[in-house]
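The structure under discussion appears below in the form of structure tokens.
Laboratory data are not the source of any read-out in this text; all were calculated from the coordinates shown. Note that the structure is predicted; figures quoted are calculated from it, not measured. All Cβ positions, even for glycine, are placed from backbone atoms using ideal geometry, and neighbour counts span all protein chains on display.
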Ligand code: G6P
């Protein structure tokens, strides 16, 4: 078993370190010089499509939420995202003009599979973004995009999420191009950023050491708020979920601008706020949200390329040319931080209590 971990302490750690490579595999042949290519997709996939519906669970749901920003921003297609277990029983309206996308690492999650069946039965076009070929979902859906992350063993998903997000980002550009909604200039800028993703996923010794040191401070307290705006909101949800899953500490992800509508009442020094502060997206907005929390004495850890005078702790990320590159580097920081906290608490990082890798029952 040790050999399989290639010298890493846990599969999760190995999988965090693998992300840079698997994301390169995932982009291979799809990220071309001047365009995005998905040969596996039916070329008429967007014919008659006016909206996108996404269904998923857990971490895959967070990839879906991230995608909803990118689909609307780039492809100009309205996009709704629903947790699969909610979708199933809400008597959803299924319009034939919508493309139904499910996202799943395993391709076997019962609720997501049922949602896919409902969409198929209603005659919708379907697409699955999946890590396991020949899984129940890839056999059922009209179209499949494989994420090529390799086998993921850690129950807390890491590399599946980064590859899903890269696929969805590429897909938003592919759709944008098909619908003639993106200029060649913007597309080139996006493609350039995509090529840099593997670099932003590299784990540096310095970053790993920093999260190891910080993990000592963040073991106690009333709980955690992970906050961010735009795509950094789903990333905040993912950071909180990682911490809950493997450290068993209470954590919530929240849209930064929403804190004042309730959660800020909890602020005190025992409340830890992890603030995602990208330089390239709404920096001033999130800054003022963090200032409000700091004024109420919350303990603040900022993750940002820019130093912020009110933070108690600061994890410095690289300056980057695109907010999605900041997104991927911050993802790695959040994964490492939760793993180091979990290790310090003596938990089994790869097999957290009460959780299963794949939930095949309702
Ligand atoms: C389980 C796993 C999560 C995963 C979720 C969805 O709860 O513990 O890590 O995100 O299922 O799994 P899927 O295979 O559909 O992505």
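Just the Cα atoms of the stretch 198-301: what Rg and Dmax do they give in Å?
According to the Cα coordinates of the stretch 198-301, Rg and Dmax are 13.6, 40 Å.
For the stretch 17-162, what Kirkwood radius comes out of the mean inverse Cα-Cα distance, in Å?
Values: mean 1/r = 0.0642 Å⁻¹.
Result for the stretch 17-162, one decimal place: 15.6 Å.
Using Stokes-Einstein with the Kirkwood hydrodynamic radius over Cα pairs, what translational diffusion coefficient do you get for the stretch 149-208 at 10 °C and a viscosity of 1.306 mPa s, in µm²/s rounded to a whole number? Mind showing how you got there, number by number?
On the way: Rh = 13.5 Å.
This corresponds to a translational diffusion coefficient of 118 µm²/s.
If packing is taken as the average number of other Cβ atoms within 10 Å across a peptide's residues, how do 338-345, 199-206 rank, most packed first?
On the way: 338-345: 22.2, 199-206: 15.4.
Ranked by mean Cβ neighbours within 10 Å, highest first: 338-345, 199-206.
How tilted is helix 184-200 with respect to the longest principal axis of the chain? Cα atoms for both, answer in degrees (0 to 90, nearest 10).
50 degrees
Which number comes out as Rg/Rh for the chain once both Rg and the Kirkwood Rh are worked out on C-alpha atoms?
On the Cα set of the chain, Rg over Rh gives 0.95.
When Rg is the radius of gyration of the Cα atoms in the stretch 267-362 and Rh is its Kirkwood radius, what does Rg/Rh come to? Let's see the in-between values first.
Details: Rg = 16.1 Å, Rh = 15.2 Å.
Across the stretch 267-362, the Cα-based Rg/Rh ratio is 1.06.
How big is the stretch 61-122 along each principal axis, measuring the range of its Cα positions in Å and listing the largest first?
31, 26, 17
Rounding to the nearest 10 and keeping the result within 0 to 90°, find how far the Cα-based axis of helix 58-70 lies from the longest principal axis of the chain.
Around 70 degrees separate the two axes.
Taking a temperature of 10 °C and a viscosity of 1.306 mPa s, what whole-number D in µm²/s does Stokes-Einstein yield for the stretch 173-233 with Rh from Kirkwood over alpha carbon pairs?
Working: Rh = 15.6 Å.
Translational D for this selection: 102 µm²/s.
Where the centre of each part is set by its Cα atoms, how far does the stretch 78-143 sit from the stretch 167-214, in angstrom?
25 Å
From the P(r) of the stretch 99-190, can you give the percent of Cα pairs sitting at distances over 15 Å?
Of all Cα-Cα pairs in the stretch 99-190, 62 percent lie more than 15 Å apart.
How large is the helix-only mean residue ellipticity at 222 nm for the chain, computed as the sum of -39500 (n - 2.57) over DSSP H runs with n ≥ 4, divided by its residue count, in deg cm²/dmol to the nearest 500? All intermediate terms of the calculation are to be shown ahead of the outcome.
Details: 11 runs with 150 residues, N = 362.
Calculated mean residue ellipticity at 222 nm is -13500 deg cm²/dmol.
Give me the Kirkwood hydrodynamic radius of the stretch 88-137 in Å, from all C-alpha pairs, to one decimal place?
11.1 Å
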